[in-house]
1. I'm trying to understand the selection: among the residues of segment 263-297, which are aliphatic (A, V, I, L, M) and more than 17 Å from the chain's Cα centre (by Cα)?
2. Only one of these conditions is not met by ALA263: (1) of a type in the set (Gly, Ala, Ser); (2) surrounded by fewer than 18 Cβ atoms within 10 Å (Cβ to Cβ); (3) under 30 Å from PRO175 (Cα atoms). Which number is it?
3. Within the group ALA2, ALA61, which residue is over 21 Å from TRP159 (Cβ atoms), at pLDDT below 95 and not hydroxyl-bearing (Ser, Thr, Tyr)?
4. Report, ordered by the first and then the second residue, all pairs with beta carbons closer than 9 Å, sequence separation of six or more or different chains, a first member in segment 179-196 that is more than 19 Å from SER106 (Cβ to Cβ), and a second member that is assigned to a loop (DSSP other than H, G, I, E, B) and among the aliphatic types (A, V, I, L, M).
5. Does segment 90-102 hold any residues that are under 23 Å from ARG145 (Cβ atoms) and either touching a Gly at 6+ places or on another chain (Cβ under 7 Å) or of a type in the set (Ser, Thr, Tyr) (or both), and which are they?
6. Among the residues of segment 125-137, is any of a type outside the set (A, V, I, L, M, F, W, C) and within 25 Å of ARG275 (Cα to Cα)?
7. Looking at segment 361-371, which of its residues are closer than 22 Å to GLN300 by Cα and surrounded by 24 or more Cβ atoms within 10 Å (Cβ to Cβ)?
8. Mind listing whichever residues of segment 373-398 are buried (at least 24 other Cβ atoms within 10 Å of the Cβ) and either out of contact with any helix residue (DSSP H, G or I) (no Cβ under 6 Å at 6 or more places or on another chain) or modelled with pLDDT under 95 (or both)?
Amino acid sequence: MAHAARGADAVENDAEGLRRRVAALLEAHWDEARGYSVPNPSIYPHLWLWDSCFHAIVWAALDDPRALRELEATLDGQLASGLVPHMRYGDAGPDTWLGPLERTSSLTQPPMYGHAARVLADRGSRPADELLTRAVRGLDWLWERRRTELGLVYVVHPWEAGNDHAPRWDDWGAPGRTRADYDRAARTAWNKARMHDVTFAADGSAEWSSSFVACPAGFNAYVAFNLAELAELLDDAVLAGRAAALAEAIDEHLWDEEEQLWADLAVVGGGASARSPTSEGVMPALVTTDRARALAALRQLDDPDRFGAPFGPANVTRTHPAYDPDMYWRGPAWPPLSYLFWVAFARLGLHDAAAGLRARTIRAAWRSGFAEYWNPEDGRGLGAVPQTWAGLVLAMGA
């Protein structure tokens with residue numbers, strides 16, 4: 001780690017060195033028998049939905065045919081109803097109960113397979129029609145099974161949103177508000193309790209919860225974004241219409257004028273914490289048609305009084321009482337979020353901002369040892385080190 005930090009400034013502009021480092025990272029985590037990369041062999045030895053979609057994007061940036069295999073593996077666990085599980089288990093199951101199924105969880109996760117398919121196609125590796133049909137079925141499931149009367153998509157467990165234990169979940173009683181109460185046993189117990197409040201369909205897919213239901217701004221943005229990506233790839237007017245309708249619902253119901261961000265909506269449980277200013281509140285910039293709102297949210301990524309930090313956007317505003325740059329989803333910078341912010345900048349033609357974010361993220365990846373996430377103030381690696389999705393730095397501008 002120290003060596004990586006000392007050498008960061010010297011190599012951050014070395015494109016070929018970055019490519020070699022990312023290739024070595026994915027190669028080291030690739031499991032040939034399973035056909036996917038594990039995020040980290042010691043800490044994360046399974047397949048996670050959005051991790052593997054990001055892996056596919058990184059493999060594509062490397063011009064490696066394993067991009068398609070990674071995307072195929074992501075969708076191989078799809079249930080009969082269409083749900084794409086957030087985990088496919090490796091040799092051993094998870095350390096907590098995730099539903100009645102033996103080989104996969106019953107939850108889902110941000111459906112980044114639409115974007116991954118679009119990226120692969122744009123790089124000359126268009127997925128087979130059968131695989132694209134499965135991706136559409138996954139988004140159909142979210143549209144048909146997980147929408148409220150407001151037209152927003154809901155989640156039944158914080159792990160589905162991708163940003164578990166963020167300050168937005170505090171009013172649901174999630175542990176992790178301080179370092180003292182952030183321990184694995186407490187988190188496992190709380191998550192297990194939430195799972196036992198979930199009801200399941202006949203095929204094992206999670207349907208509802210008696211204690212936790214929310215419409216997160218970030219998750220809704222991811223669904224709309226992936227609908228739009230697949231619509232463009234397939235020239236599908238139905239998917240395009242759904243993407244537009246969901247983007248409109250996000251703007252109508254989740255925009256927070258005071259924070260100039262989009263905020264979560266609590267449906268069952270929760271409270272005011274759902275409106276905490278976290279960087280997921282910027283994500284609807286991926287899909288909104290309101291350019292003024294998109295710019296107002298995106299400019300906060302560079303504002304030092306909001307999310308702007310030397311090593312990439314903090315996950316919580318730096319002046320918020322909950323901000324802790326070392327604490328999981330309560331302050332650190334995350335490679336997949338930075339990548340998606342870069343996509344949003346590019347979508348709006350903000351090329352200088354995109355280039356600046358790319359440079360900071362590459363510097364942070366080297367400084368952190370290509371970590372799962374890092375302290376945005378000093379670039380220290382946190383979580384699993386290394387973790388495969390840090391390779392997304394190669395896809396930023398690839």
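1. Of everything in segment 263-297, those that are aliphatic (A, V, I, L, M) and more than 17 Å from the chain's Cα centre (by Cα) turn out to be LEU265, ALA266, VAL267, VAL268, ALA272, ALA274, ALA292, ALA294, LEU295, ALA296, ALA297.
2. Result: ALA263 fails condition (2) only.
3. Working: ALA61 fails: at pLDDT below 95.
Just one listed residue meets the conditions, ALA2.
4. Between residues of segment 179-196 that are more than 19 Å from SER106 (Cβ to Cβ) and residues that are assigned to a loop (DSSP other than H, G, I, E, B) and among the aliphatic types (A, V, I, L, M), the close pairs are ARG179/MET327; TYR182/MET327.
5. If the condition is that a residue be under 23 Å from ARG145 (Cβ atoms) and either touching a Gly at 6+ places or on another chain (Cβ under 7 Å) or of a type in the set (Ser, Thr, Tyr) (or both), then GLY99, PRO100, LEU101 are the ones that fit.
6. Taking every residue of segment 125-137 in turn, none turns out to be of a type outside the set (A, V, I, L, M, F, W, C) and within 25 Å of ARG275 (Cα to Cα).
7. Kept after step one, since they are closer than 22 Å to GLN300 by Cα, are these residues of segment 361-371: 361-365.
Those that are closer than 22 Å to GLN300 by Cα and surrounded by 24 or more Cβ atoms within 10 Å (Cβ to Cβ): THR361, ALA364, ALA365.
8. TYR373, ASN375, PRO376, GLN387
The values are calculated or read from the model by the stated rules, or taken from the named source; none is laboratory data. Because the structure is a prediction, the values reported are computed rather than measured. So basically every Cβ, Gly included, is an ideal-geometry build from the backbone, and we count neighbours across all protein chains shown.
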